[in-house]
Amino acid sequence: MPLSDIQDRIAKACDEAGRTADSVTLIAVSKVQPDARVEAVLEQGHRCFGENRVQEAAGKWPGFRERFDGIDLHLIGPLQTNKARQAFDLFEAIHSVDRPKLAKTIARLAQEEGHCPDLFIQVNTGEEEQKAGVLPADADDFIAECRRMDLPVAGLMCIPPVEEEPSLHFALLGKIAQRNGLTGLSMGMSGDFERAIALGATHVRVGSAIFGERAYD
Ligand SMILES: *Cc1c(COP(=O)(O)O)cnc(C)c1O
């Protein structure tokens, strides 16, 4: 689907929610996509992208940054502490902060480097065993802990269980954010970004609807 169609759908969802279209940032999720498809979206003027692996982003984005100004790259996948320094150099935002050890590593790097990407704390709203994220019951404490470390927490992120109605998870994430005074909400993907916007998403992560299906090998 053309980028402009996604932008129109976002604008419409914002309008229906009584929000302005610029209250939602579209993160075009380019993981696994061929460079030509990513380049086509860059050529259309879009600059905000999401990747879920540090290694893949490191291979792909330095080259694009040489050719296109103003790229805003978001890490939306899990981050190992031993890749945190590399992530600092590559990304403007990290959406997967989910444990004290990682938060501490990021705090130390922020001191050393004098800057820090915007951070989102990932919440495992479905309490799924295999999924990353802090449990909803632990979220308030973890948010407070990150703030004590002076980390720039922009908001919360979730990936709802595939089999469940995502709106319940979006609502839960919004509730946790609200009671902690956080405004950023990274939620909503190709199949449900309009529902996420209705429930307050500020960052939607849309991949296949923009680029087409991912061809994993
Ligand atoms: C891949 C991915 C997306 C995008 O998924 P689509 O269904 O292709 O839009 C969004 N968020 C995360 C965390 C992802 O890994």
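The values are calculated or read from the model by the stated rules, or taken from the named source; none is laboratory data. Just so we're clear, the structure is a prediction, and the values are computed from it rather than from any experiment. All Cβ positions, even for glycine, are placed from backbone atoms using ideal geometry, and neighbour counts span all protein chains on display. Just the protein is used for accessible areas: all its heavy atoms, side chains included, with ligands, DNA and RNA removed. Shrake-Rupley method; radii C 1.70, N 1.55, O 1.52, S 1.80 Å.
Based on what the data block shows, is Ile76 of a type in the set (Val, Ile, Thr), under 18 Å from the mean Cα position of the chain (by Cα) and more than 21 Å from Ala196 (Cα to Cα)?
No, not satisfied.
Going residue by residue through the range 190-201, is there one that turns out to be hydroxyl-bearing (Ser, Thr, Tyr), surrounded by fewer than 21 Cβ atoms within 10 Å (Cβ to Cβ), within 13 Å of the ligand (Cβ to nearest atom) and not in a helix (DSSP H, G or I)?
Yes; the residues of the range 190-201 include at least one that is hydroxyl-bearing (Ser, Thr, Tyr), surrounded by fewer than 21 Cβ atoms within 10 Å (Cβ to Cβ), within 13 Å of the ligand (Cβ to nearest atom) and not in a helix (DSSP H, G or I).
Quick check on Asp150: is it surrounded by fewer than 23 Cβ atoms within 10 Å (Cβ to Cβ), within 11 Å of the ligand (Cβ to nearest atom) and not aliphatic (A, V, I, L, M)?
No; evaluated as a whole, the condition is false for this residue.
Condition check: surrounded by fewer than 20 Cβ atoms within 10 Å (Cβ to Cβ), within 13 Å of the ligand (Cβ to nearest atom) and in contact (Cβ under 8 Å) with a residue 60 or more places away in the chain. Does Glu213 satisfy that?
No: the conditions fail for Glu213.
Of the numbered conditions (1) among the β-branched types (Val, Ile, Thr); (2) out of contact with any helix residue (DSSP H, G or I) (no Cβ under 6 Å at 6 or more places or on another chain); (3) open to solvent by less than 60 Å² (accessible area, probe 1.4 Å), Thr20 satisfies every one except a single condition; which is it?
Against the list (1) among the β-branched types (Val, Ile, Thr); (2) out of contact with any helix residue (DSSP H, G or I) (no Cβ under 6 Å at 6 or more places or on another chain); (3) open to solvent by less than 60 Å² (accessible area, probe 1.4 Å), Thr20 comes up short only on (3).
Kindly list, by first and then second residue, each pair from a residue in the range 156-178 that is aromatic (Phe, Trp, Tyr) to a residue that is assigned to a helix (DSSP H, G or I) and open to solvent by 20 Å² or more (accessible area, probe 1.4 Å), limited to pairs with Cβ atoms under 9 Å and residues at least 6 apart or on different chains.
Pairs found: Phe170/Arg195; Phe170/Ala198.
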